[in-house]
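Please treat every number below as a calculation from the coordinates, not as lab data. Values in this document were obtained by computation on a predicted structure and should not be read as measured data. Note that we place each Cβ from the backbone using ideal geometry, even for glycine, and neighbour counts take in every protein chain shown.
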């Protein structure tokens, strides 16, 4: 556990933010390890997957005992074995996530433009045919990530939704994850984790057909693998390790803010955890509570937070935007939807009771979010990620006549003479 007190003079937020982020950079040898894993899966198929599962995942089974695909009967049995209250909670979360996803879908209709020369250009949206959802494991079970990945895919119209998640020590995926797959409508489930899972979903093997898209959060190895297969398969972005930045003032409840930061530490090391305030006393109170929580909560014992004193609230918000975090909490008096909407973050929580934990599970927003500063250009996982866009162009004769000379001129300027011929040929005869 470490809590570092810092002070920023308010100058050059981008440079200061970059310095804070450099402290969370993964080691360079990681990418070489991931490249070797991907090559092994591509060359060795399921045999390689079993060896890698035995080597890297928590399972105590030998490679010959490992079963990769989870049969539907096993998923049904897992769901029936769980406490009805847990199933009910998953179903409430699933309904909220689906409602938000359907609202997204209904808001994105086809586009059709009629242009002055007579041509029409339409942009239509269609679902990808297949998508894989990576669900982390190892240190715990994450049924919420199943819901966050599979439900938007299903709402988007994806025909084949596949989940990969690491097996436990007994070689089996936790029942609660299997139950979530049943609730969320996943068609296939594989007990594979880490970079090898990403390789299997991207390139396929004997019993896994390769997919069009891979989504979901993961550790540094999973994220490096997603980057490595990007020429083969689409990805949603890089999600992980988990991040939280809190902007707070003197009226914020330090116990609540400390709990929120400690909660993010439960996801594991390497993520950015920071609090920014112009109020030194608020930061001091927060520091004391963080130290106590880290000593009392074993799951948050690895907490590493940076508490930054800013010149004023405006500067604190500016630094938060420069960090572009996965999660941002505005624990300040008067925070409203307008202030939240102007921020650069994957998800923003405001109001005295706003907490990331609600978004992580059941509020209806998606918890698969851009990390590492990617909120500057990224987006939460949603229906649009699972849909591809196609432009449809109709060129009637009058549009050809009007545009061919313009196209020919531009083609000559770029040195593409056959482009010119292609356009002009349509005007002959």
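Points worth noting:
- Estimated inter-spin distance, residue 124 and residue 43, nm [label 7 Å along Cα→Cβ]: 4.4
- Under the Debye formula (equal points on every Cα, no solvent term), log10 I(q)/I(0) of the chain at q = 0.09, 0.12, 0.14 Å⁻¹: -0.66, -1.02, -1.23
- Computing FRET efficiency as 1/(1 + (r/R0)^6) for residue 251 and residue 23, where r is the C-beta to C-beta distance and R0 is 30 Å, gives about 0.55.
- Global dimensions of segment 313-354 from alpha-carbon coordinates: Rg and Dmax equal 9.3, 25 Å.
- Per-pair calculated FRET efficiency, R0 = 41 Å: residue 281 and residue 160 via Cβ, rounded to 0.05: 0.15
- Distance from the C-alpha centroid of segment 360-395 to that of segment 239-275: 24 Å, rounded to the whole angstrom.
- Of the three principal axes defined by the Cα atoms of segment 111-168, the extents in descending order read 62, 16, 15 Å.
- Contour minus Cα-Cα distance for residue 9 and residue 295 (0.36 nm per residue): 99.8 nm
- Rounded to 5, percent antiparallel among DSSP beta bridges of the chain: 30
- Computed over the chain, the per-residue total of -39500 (n - 2.57) for DSSP H runs of n ≥ 4 gives a 222 nm mean residue ellipticity of -14000 deg cm²/dmol, rounded to 500.
- Highest mobility in the GNM of the chain, judged by mean-square fluctuation with C-alpha springs under 10 Å and restricted to 166, 405, 298, is found for 405.
- Computed Kirkwood radius, in angstrom, where 1/r is averaged over Cα pairs of segment 17-98: 17.0
- Compactness of segment 335-429, taken as the C-alpha radius of gyration over 2.2 N^0.38 Å, stands at 1.97.
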